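Colleague: Structure provided below as structure tokens; questions to follow.
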Amino acid sequence: MASAARMQTAPAASQQTAAGRRLSTLMLTAASAVGLAAFLYPFLLSRAPAESENAAHSGDAPLIFGLLVGLAALLFLVELASHGMNAKVASALAVMAMAAAVLRLPPLPAGASAFFLLIVIGGYVFGPRFGFLLGSLALFISAFASGGFGPWVPFQMFASGWVGMTAGWLGAIRPWTARKPLFEIGALVVFAALWGFAFGVLMNLWFWPYVATGDNVSWHPGLGLAATLRRYWAFYVLTSAGWDAWRALANVLLICVAGRPVLKVLLRFRDRFSVEFSD
């Protein structure tokens, strides 16, 4: 009788898990859509916003932050309910987020930090949903710890979450790289280097439409896509590319030095507790 009961409940549990994964994917998609809209909607305005860099989005940042926190909380709860994440992995999420936040505090040359080491490898090992939660939570904790709250924080949380999320997508290559450690570390190095620049490219967008820095590097309503991209590229090269190069270099060096041991520890933890993550 007990065996029959297990046979009857197994399909139901499988269906519940599949439904939970679809719902968590929907939550992740909704959160990313909110983030993209927050970054891009100023470019749809008919009048150029006139504010300083630090005051950009000062009116809507609390709403954006609230939506992000609400959707991330729902994603976390759905992951727990659908067994996409068990209590031990949830604890690991909290510990890794706090560790990444601590790694952000000691500055490296030119403002770089070791923050993205755990975000990249954690997302790679545990998947895109875990990676998004890890990146956004770690950024929030670090902002809280450093007292660096401002309208830029929800945008940093989105960008950091996307680092972890896309690292989870990269983790799809692991079945082919498990026996090729050099290739695996090489893939992580390239990924981390690209995000070293992409994080700066993305973060500039939170304030760039709000500031006027020159005729050839500022945005104003009515510019076509080509002109907007050309002006933004000029702005990025002049103001951010050099700093982002240091971030990319720091990411590369950290992955090369610490990537393999951290990866082994996280893989051992994941495999020991038999947690399966899928897209």
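Colleague: Please enumerate the residues belonging to region 66-112 that are of a type outside the set (A, V, I, L, M, F, W, C) and within 17 Å of GLY161 (Cβ to Cβ).
Modeller: GLY66, GLY70, GLU79, GLY84, ARG104
Colleague: Which pairs do you get when a residue that is within 11 Å of GLY35 (Cβ to Cβ), found in region 144-160, comes within reach of a residue that is modelled with pLDDT of 95 or more and surrounded by fewer than 18 Cβ atoms within 10 Å (Cβ to Cβ), reach meaning Cβ atoms under 6 angstrom, with the pair 6+ apart or on two chains?
Modeller: none
Colleague: Pairs needed: first member in region 109-136, free of Cβ contacts under 8 Å to residues at least 24 places away in the same chain; second member anywhere, of a type in the set (S, T, N, Q) and assigned to a helix (DSSP H, G or I); C-beta distance under 7 Å; at least 6 residues apart or different chains.
Modeller: Between residues of region 109-136 that are free of Cβ contacts under 8 Å to residues at least 24 places away in the same chain and residues that are of a type in the set (S, T, N, Q) and assigned to a helix (DSSP H, G or I), there is no close pair.
Colleague: Right, something else. The conditions are (1) of a type outside the set (A, V, I, L, M, F, W, C); (2) buried (at least 16 other Cβ atoms within 10 Å of the Cβ); (3) more than 30 Å from THR213 (Cβ to Cβ), and PRO106 fails exactly one of them. Which is it?
Modeller: Tallying (1) of a type outside the set (A, V, I, L, M, F, W, C); (2) buried (at least 16 other Cβ atoms within 10 Å of the Cβ); (3) more than 30 Å from THR213 (Cβ to Cβ), PRO106 fails exactly one: (2).
Colleague: Sticking with this structure for a sec: Here is a list: LEU103, LEU67. Which entry is under 20 Å from VAL153 (Cα atoms), assigned to a helix (DSSP H, G or I) and in contact (Cβ under 8 Å) with a residue 24 or more places away in the chain?
Modeller: Residue meeting the stated conditions: LEU67.
Colleague: Considering only region 123-132, I want to know if a residue exists there that is over 19 Å from ASP271 (Cα atoms) and either under 8 Å from the mean Cα position of the chain (by Cα) or modelled with pLDDT under 95 (or both).
Modeller: There is at least one residue in region 123-132 that is over 19 Å from ASP271 (Cα atoms) and either under 8 Å from the mean Cα position of the chain (by Cα) or modelled with pLDDT under 95 (or both).
The values are calculated or read from the model by the stated rules, or taken from the named source; none is laboratory data. Remember, predicted model here, so these are calculated numbers, not experimental data. Cβ: placed from backbone, ideal geometry, glycine included. Neighbour counts: every protein chain shown.
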